[in-house]
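To keep things clear, I will list the structure first and then write my remarks on it.
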Amino acid sequence: MQTSILTRISPELLHLPRAAFSFDRDSLRLVRPIRLNDELIGGVYIESDLGSLRDRLKRLLSIIALVLSGALAVAFILSSKLQRLITGPVLRLTAVTQAVSRDKNYDVRVAQSGRDEAGGLIDRFNEMLSEIQRRDRKLLDQQGALEVEVGVRTADLRTANAEL
């Protein structure tokens, strides 16, 4: 049901229009005076229904929520895949370092995962294990040679003792 313009604006604006506006939940009302040579000759009253604007705002907010939800889902999926890519090699390296520390077994190696920073770290770790293994063999060889030399000298000493 349409109501008269006379009931929707204040009575003083009807007699003496001045620039004014009112904004409520359902509409926007605007009054502007019309002047000719500084003489008031009338006024303009504009009223706009805000129902369609509210509907557009709801639709826009729904679209924004949908796009934001989609973006969050994509970000979650990408981050979980990247997380596996990054932490997988580091976790394998950690497991091997714990095994080496616990068992003192320098024969194990970490499987190569790629040519990235984690792959470089794995390569250096495997090289360190190889170097430790090489030094252990060298020490064992030297120890064996020393044991042989000690055995020979001990035999010499026994012989010398027997002769004395």
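Relative contact order of region 22-164: 11 percent, from C-alpha pairs under 8 Å at least 6 residues apart in sequence.
Backbone N atoms of region 71-86 closer than 20 Å to the 7 Å Cα→Cβ label point of Ala111 belong to residues 81-86. Taking 0.36 nm per residue of separation and subtracting the current Cα-Cα distance, fully stretching the chain between Arg153 and Phe125 would add 5.9 nm.
Within the straight-line cut-off of under 20 Å between alpha carbons, none of the lysines are reachable from Lys81, sequence neighbours fewer than 8 places apart in one chain being disregarded.
So which residue, out of Val100, Val90, Val44, gets the largest mean-square fluctuation from a GNM of the chain using Cα contacts under 10 Å as springs? In the Gaussian network model the winner is Val44. Summary: within the chain, the longest segment free of trypsin sites (Lys or Arg not before Pro) located in DSSP loops with at most 15 other C-beta atoms within 10 Å is 26-103.
Accessible surface of Asp26, taken over heavy atoms with a 1.4 Å probe and every protein chain present, rounds to 90 Å². To the nearest ten degrees, helix 51-103 and the longest principal axis of the Cα atoms of the chain are 10 degrees apart. The GNM of the chain, with springs linking C-alpha atoms under 10 angstrom apart, assigns the highest mean-square fluctuation among Ile64, Ile46, Ile122 to Ile46.
Labels on offer are [x] 45.3, 146; [y] 16.4, 43; [z] 17.9, 60, and the one holding Rg and Dmax of the Cα atoms in Å computed from this structure is [x].
What is the local net charge at Ser130, summed over the other residues whose Cβ is closer than 13 Å to its Cβ (Lys, Arg +1; Asp, Glu -1)? So the environment of Ser130 carries a net charge of +1.
Estimated purely from DSSP H runs of n ≥ 4, each contributing -39500 (n - 2.57), the mean residue ellipticity at 222 nm for the chain is -24000 deg cm²/dmol once divided by its residues.
With K and R counted +1 and D and E -1, the other residues having a Cβ less than 14 Å from that of Gly119 yield a net charge of 0. Straight-line cross-link reach from Lys104 at under 18 Å between alpha-carbon atoms covers these lysines, not counting any fewer than eight positions away in the same chain: Lys138.
The values are calculated or read from the model by the stated rules, or taken from the named source; none is laboratory data. Please read all numbers here as calculations on a predicted model, not as lab measurements. Cβ atoms come from the backbone with ideal geometry, glycine included; neighbour counts cover every protein chain shown. These accessible areas exclude ligands, DNA and RNA; they are computed on the full protein's heavy atoms, side chains included. Shrake-Rupley method; radii C 1.70, N 1.55, O 1.52, S 1.80 Å.
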